[in-house]
Amino acid sequence: MSMKAAIATFIHDGGTVCLEGFTHLVPTAAGHEIIRQGRRDLTVVRMTADIVVDQMIAAGCVSRLVSSFVGNSSAGSLGELRRRIETGEPAPLAFEEYSHYGMICRYLAGAQRLPFHPLRSYGGSDLPSVNSGLRKVTSPYPGPDGEPEQIYVVPPVNPDVTIIHAQRADRGGNTQMWGLTGIQAEAVYAAEKAIVVVEEIVDDEVIRSDPNRTLVPAHAVDAVVICPRGAHPSFAQGYYDRDNAFYRAWSHISKDPQRLQDWLAEWVLGTADHAEYVDKLGEEFWAGLAVGEALSLPVNYGRRL
């Protein structure tokens, strides 16, 4: 599908949308299309809420954020998100906070359709004081000391839609990624619907030649969108590098509400789609993010004689 059609078909006002990709392969172009289509009152689930989430909040798309980290990837702050949480301006943002591992456990529970997932790491933490969704249950098994044990659990997360970005897929939706990966597969399985955005569509034979790179299989995918350079300003291993200059600039852009709105007006609302966004940046810019080859050695999977 086209990005426009995929977002129009699957993302609806008031829905819960997961955007996953850990520093690498962030589905930025999908977030921009959600902004262009004016979606409202979304709950956004993202382990590492970063620039694209800040942009979606500033565009008025998000009323609730579920996350374990908020920040500009070690390059600064998220101005709009901070304003919404700290001052409630220009409108409050509901924020549901977990740890990284807590979010992983939520995705695991969601993917397996479990009622909760246990974890020990909240013992001694102050997170339960700010998140009433963190509960304790009595383990059916003895603790380390042989006595009954109270253990924290987190609820499952089951988004209406999960969106991920990846390097490549075939037309059936068998999706391959390499380099820095996160919780994408579990996030897809936890959702009712899944949109996979890729740098390129390849022949079935390419996917079959390296099956271990297929992190998300076709049966879990509802739409495949071809969108080259769609993870910018994050990176796609083997395709283009991270735009560190933009990460550094975002703190200054987002700190000023008017400058942030002007940026959205020019670069997102002022472009028809991601292809126009890419063209607007220009080939000289993209040449600066070009990457050289670092090929993996062939693998002999063997075949029956």
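With the convex hull constructed from alpha-carbon coordinates only, the range 244-296 shows a mean projected area of 5.0 nm² over all directions. Extents of the range 1-64, taken as max minus min of Cα coordinates on every principal axis and listed largest first, are 26, 26, 17 Å. Expressed as a fraction of 2.2 N^0.38 Å, the value expected for a compact globular protein of N residues, the C-alpha radius of gyration of the range 1-122 is 1.07. Working value for the range 201-250: equivalent-ellipsoid semi-axes of 28, 13, 10 Å, each the square root of 5 times a Cα gyration tensor eigenvalue, largest first. Computed log10 I(q)/I(0) for the range 101-248 at 0.08, 0.09, 0.13, 0.21 Å⁻¹: -0.32, -0.40, -0.72, -1.19, from the Debye equation with unit scatterers placed on every C-alpha and solvent omitted. With R₀ fixed at 30 Å, the C-beta to C-beta distance from Glu293 to Ala245 puts the FRET efficiency at about 0.80.
Using 0.36 nm per residue and subtracting the Cα-Cα separation, the extra length available between Arg40 and Ala265 on full extension is 79.3 nm.
For the set His117, His12, His100, the ranking by accessible area, highest first and with no ligand, DNA or RNA atoms included, is His12, His100, His117 under a 1.4 Å probe.
Within the straight-line cut-off of under 12 Å between alpha carbons, the aspartates and glutamates reachable from Lys255 are Asp54, Glu80, sequence neighbours fewer than 8 places apart in one chain being disregarded. Accessible surface for the range 201-305, divided over its residues, is 63 Å² per residue with a 1.4 Å probe.
Classify the range 71-170: rounded, prolate or oblate, from the alpha-carbon gyration tensor (a ≥ b ≥ c, eigenvalue square roots; a/c under 1.5 rounded; otherwise prolate if a/b is larger than b/c)? If you can, show how the numbers build up before the last one.
Values: a/c = 2.34, a/b = 1.43, b/c = 1.64.
Oblate.
Cα-Cα pairs above 25 Å in the range 197-305: how many percent? For the range 197-305, the share of Cα pairs beyond 25 Å comes to 40 percent.
Rule-of-thumb check for the chain: C-alpha Rg over 2.2 N^0.38 Å?
Against the empirical 2.2 N^0.38 Å value, I get 1.04 for the chain.
Scanning the chain for trypsin sites (Lys or Arg not before Pro) in DSSP loops with at most 10 neighbouring Cβ atoms within 10 Å leaves 121-302 as the longest stretch between them.
Straight Cα distances below 18 angstrom link Lys4 to the lysines Lys193, with same-chain residues fewer than 8 positions distant left out.
The values are calculated or read from the model by the stated rules, or taken from the named source; none is laboratory data. Note that this is a predicted model, so its numbers are computed, not measured. Methodologically, a virtual Cβ is constructed for each residue, glycine included, from the backbone with ideal geometry; neighbour enumeration extends over all protein chains shown. Please note that ligands, DNA and RNA were not included when accessible areas were found on the heavy atoms of the full protein model with its side chains. Shrake-Rupley method; radii C 1.70, N 1.55, O 1.52, S 1.80 Å.
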